[in-house]
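**Q** I have a structure I would like to understand better, so I am pasting it below and will then ask my questions one at a time.
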Amino acid sequence: MNILVCISRVPDTASRILIGSDSKTIDPAGIKYVVNPYDEFGLEEALRLRTKNGGEVTAVTVGTAASTDVMRTALAMGADKVVLIKSENEPTDSFYVAKNIAELAKEISPDLILCGRQSVDYDSFQMTSVLAELLDMPSVSIVSALTVDSDKLTAERDIEGGKETVEAPLPCIISAQKGLNEPRYPKLPDIMKAKRKAIEERDAIPSEERVTISEMSILSKQRVGTILSDSDEDIAELVRLLHEDAKVI
Amino acid sequence: MKKILVYLEAQKDALKRSSYEVISAATQIAAEASVSVTGVLVNGTEQQAKTAGEYGLTDVIIAKHNVAGIYSSTATAKIVADCAKAEGADCVLFSGNAAGLEVAPRVSVKLEAGYVADCVELNVDGGTITALKPVYGGKAAVKAKVNTENQIYSLRPNVFTAKANPADCAVREMSPEVSADDAKAQVTSVTKNEGKLDVLEADAIVSGGRGIKAPENYNIIEDLADALGGAVGASRAVVDAGWRPHSEQVGQTGKTVAPSLYIAAAISGAVQHMAGITTSKFIVAINKDKDAPIFSACDYGIVGDIFDVLPKLTEKIKAVKG
């Protein structure tokens, strides 16, 4: 079974975000970049399926040369092959990323493609469905349990207030949700070995930018900021404020 | 812009609240851009469709098919895209819920449309929409414009207000051209978390943090949530400790929520947690530590021990709600 895993390089979720001088992207200074946490669930699932069924796991990312570090992480975790589709700038358009990955997928014809539920930078939740549509494949997103048979899969997908069980034939695309597995930590010898492994590079094919970002700002809401004590009177005052001022109870 | 199509979802005898929110947003944009709006409901009933009129939508198409058992995202995407083409709609709106987030990107490929997901504002100026969309888990937001002729947006649930605006709704039926081949991915069963309200659907949420100390202490959180008719949430620390299920996790690697009232009990306010609650209308923090970061990002705060404050708060809220 050949599996393609899509990976993106994102700021660690503990990072504080500051706006860059172009007012459109973030200031990368001081930010620690990591493999998108949801992509780690995807990669882990791929590695487990390989252990069970054999085959090859290829990890792909679309990004600048800076993405080399997350490609090394993928190799250290156990990917057989990594492909960096190089773009001039850090891509922000999901369609562009999906289009480039679709081209690679057409070459290697994977039985299964795994993505993360969302990339925690632009949070667009698009890759899985766009890629699936471009490749004319079924897909299931936000998957927290997966069973793969020789020609079909059964996935449990998180929905509001419950779960759906979805069946689809292979080849198919899945987006991984937390809970799917516990991603492994790469061992030191594997990290060292990964440094010597080859990263296949190719140039991204240009495509139209379907969405343009004109401005980035820090999302903040002016909050009332009334701080009270734990006295009975103050607790009663909080209830009054929520009832009469905020009108939420 | 020529025309807006809204994707509707049914629930019991009506539509989902998220669908009414999208209807309200769509009718408002349509009024500003002087275009019309049509809704599309896949495999729904006339009774369900008619309720769209309560929020000002006057035209709904019911697309009935039987190629998929319960539901198929791939078939739905084809139906919505075909419907947009047939109706001459160049703008399609979805709720950014589980179904919308899965179907909208497929429709965007079929219509060669730019798509902005999880919008929290749609501003119209001279017929052009500028969307505001949170990024980096809500730590920042971008203004985004679609460059293509066709445009698609999904709207973050609970952020847009469903405004009552009663009108007569005409319901049309159509038979979509879908075959088994369009329904490769099929939902075979649905399990509901019985009796438990999901944080994504709740108007009030009470979440507990590490300060709850042990899983059996969660009853004080549940009691307050019950008194509010709301849902129980949890911080990442509590979920990672195995005290609460992941379905309750609020924050950047959990669920992004936007209730009217969010109560954070013994949650310090780590940047990942705050990112998931920025679009909540009112945030209340209860924490022993007066220097906890959450106190600088809340509307109301109580400095105190949750084991002392929460039960009292629950009683007082019950008294107000009668």
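The values are calculated or read from the model by the stated rules, or taken from the named source; none is laboratory data. Because the structure is predicted, anything quoted here is derived from the model rather than measured. Quick reminder, even Gly has a Cβ in these numbers, built from the backbone with ideal geometry, and neighbours come from all protein chains shown. Ligands, DNA and RNA are stripped out before the accessible areas are found, and what is left, the full protein with its side chains, is counted by its heavy atoms. Shrake-Rupley method; radii C 1.70, N 1.55, O 1.52, S 1.80 Å.
**Q** Just to confirm my filter: which helices (runs of 4 or more DSSP H) fall fully inside the stretch A:67-177 and include at least 3 residues that are within 14 Å of chain B (Cβ to nearest Cβ)?
**A** On the way: elements: A:68-77, A:94-108, A:127-135.
It comes to A:94-108, A:127-135.
**Q** Further, regarding this structure: Filter the stretch B:280-319 for residues that are open to solvent by 60 Å² or more (accessible area, probe 1.4 Å) and over 16 Å from B:VAL206 (Cβ atoms) and give the result.
**A** Passing the criteria: B:LYS288, B:ASP289, B:LYS290, B:ASP291, B:PRO293, B:SER296, B:ALA319.
**Q** Of everything in the stretch B:66-89, what is touching a helix residue (DSSP H, G or I) at 6+ places or on another chain (Cβ under 9 Å), open to solvent by 30 Å² or more (accessible area, probe 1.4 Å) and not aromatic (Phe, Trp, Tyr)? Give them in sequence order.
**A** Matches in the stretch B:66-89: B:VAL67, B:LYS78, B:ASP82, B:LYS85.
**Q** Does A:GLY55 satisfy being assigned to a loop (DSSP other than H, G, I, E, B), open to solvent by 40 Å² or more (accessible area, probe 1.4 Å) and at pLDDT 95 or above?
**A** Values: assigned to a loop (DSSP other than H, G, I, E, B): yes; open to solvent by 40 Å² or more (accessible area, probe 1.4 Å): yes; at pLDDT 95 or above: yes.
Taking the combined requirement at face value, the residue satisfies it.
**Q** Then there's this: Take the residues of the stretch A:203-230 that are farther than 21 Å from B:PRO293 by Cβ and exposed (fewer than 13 other Cβ atoms within 10 Å of the Cβ): which is modelled with the lowest pLDDT?
**A** Taking the stretch A:203-230 as the starting set, the residues that turn out to be farther than 21 Å from B:PRO293 by Cβ are A:203-216.
Subsequent filtering for residues that are exposed (fewer than 13 other Cβ atoms within 10 Å of the Cβ) retains A:203, A:205-206, A:208, A:214.
Numbers: A:ASP203: 97, A:ILE205: 96, A:PRO206: 91, A:GLU208: 83, A:SER214: 93.
Restricting to residues being farther than 21 Å from B:PRO293 by Cβ and exposed (fewer than 13 other Cβ atoms within 10 Å of the Cβ), the top hit is A:GLU208.
**Q** Also, I was wondering about something else. Filter the stretch B:39-67 down to residues that are hydroxyl-bearing (Ser, Thr, Tyr) and in a loop (DSSP other than H, G, I, E, B) and give me whichever is nearest to B:ALA25 (Cα to Cα). Spell out how you get there, then give the answer.
**A** Of all residues in the stretch B:39-67, those hydroxyl-bearing (Ser, Thr, Tyr) come to B:45, B:51, B:55, B:58.
Adding the requirement that they be in a loop (DSSP other than H, G, I, E, B) leaves B:45, B:58.
Values: B:THR45: 23, B:THR58: 14 Å.
The selected residue is B:THR58.
**Q** I need the full set of residues from the stretch A:1-17 which are surrounded by fewer than 24 Cβ atoms within 10 Å (Cβ to Cβ), at pLDDT 95 or above and more than 14 Å from the chain's Cα centre (by Cα), in order please.
**A** Hit for the stretch A:1-17 is A:ASN2, nothing else.
**Q** Among the listed residues A:PRO171, A:PRO138, A:PRO186, identify the single one that is surrounded by fewer than 20 Cβ atoms within 10 Å (Cβ to Cβ) and assigned by TED's automatic domain parsing to the domain that holds A:ILE108.
**A** Values: A:PRO171 fails: surrounded by fewer than 20 Cβ atoms within 10 Å (Cβ to Cβ); A:PRO138 fails: surrounded by fewer than 20 Cβ atoms within 10 Å (Cβ to Cβ).
Of A:PRO171, A:PRO138, A:PRO186, the one residue that is surrounded by fewer than 20 Cβ atoms within 10 Å (Cβ to Cβ) and assigned by TED's automatic domain parsing to the domain that holds A:ILE108 is A:PRO186.
**Q** Based on what the data block shows, is A:GLY179 open to solvent by 30 Å² or more (accessible area, probe 1.4 Å), touching a helix residue (DSSP H, G or I) at 6+ places or on another chain (Cβ under 6 Å) and touching a residue at least 24 places away in the same chain (Cβ under 8 Å)? Step through it out loud before you land on a result.
**A** Values: open to solvent by 30 Å² or more (accessible area, probe 1.4 Å): yes; touching a helix residue (DSSP H, G or I) at 6+ places or on another chain (Cβ under 6 Å): yes; touching a residue at least 24 places away in the same chain (Cβ under 8 Å): yes.
The answer is yes for A:GLY179.
**Q** Taking the stated definitions as given, is B:TYR262 crowded, with 24+ Cβ neighbours inside 10 Å, among the aromatic types (Phe, Trp, Tyr) and at negative phi?
**A** Yes.
**Q** Another question, then. Consider the stretch B:76-120. How many of its residues are more than 22 Å from B:ALA10 (Cβ to Cβ) and more than 20 Å from the chain's Cα centre (by Cα)?
**A** 9
**Q** If we only count strands (runs of 3 or more DSSP E) wholly inside the stretch A:198-245, which ones have 3 or more residues that are charged (D, E, K, R) and more than 7 Å from chain B (Cβ to nearest Cβ)? Spell out how you get there, then give the answer.
**A** Values: elements: A:200-203, A:211-218, A:226-228.
Correct list: A:200-203.
**Q** If you take the residues in the stretch B:288-308 that are at the interface with another protein chain (Cβ under 10 Å from one of its Cβ atoms) and touching a residue at least 40 places away in the same chain (Cβ under 8 Å), which one is farthest from B:ALA265 (Cα to Cα)? Walk me through it before giving the result.
**A** Residues of the stretch B:288-308 at the interface with another protein chain (Cβ under 10 Å from one of its Cβ atoms): B:288, B:290, B:295-306, B:308.
Filter once more, so that each one left must be touching a residue at least 40 places away in the same chain (Cβ under 8 Å): B:288, B:306.
Details: B:LYS288: 10, B:ILE306: 6 Å.
Of everything passing the filter in the stretch B:288-308, B:LYS288 is farthest from B:ALA265 (Cα to Cα).
**Q** Quickly run through the stretch A:91-135 and pick out the residues that are under 21 Å from A:GLU56 (Cβ atoms), β-branched (Val, Ile, Thr) and open to solvent by 20 Å² or more (accessible area, probe 1.4 Å).
**A** A:ILE108 - this is the single residue of the stretch A:91-135 that is under 21 Å from A:GLU56 (Cβ atoms), β-branched (Val, Ile, Thr) and open to solvent by 20 Å² or more (accessible area, probe 1.4 Å).
**Q** Only one residue in B:ILE212, B:ILE277 is under 21 Å from A:THR13 (Cα atoms) and either more than 10 Å from every other protein chain (Cβ to nearest Cβ) or in contact with a Phe, Trp or Tyr (Cβ under 6 Å, 6 or more places away or on another chain) (or both). Which one?
**A** Going through B:ILE212, B:ILE277 in turn, just one is under 21 Å from A:THR13 (Cα atoms) and either more than 10 Å from every other protein chain (Cβ to nearest Cβ) or in contact with a Phe, Trp or Tyr (Cβ under 6 Å, 6 or more places away or on another chain) (or both): B:ILE277.
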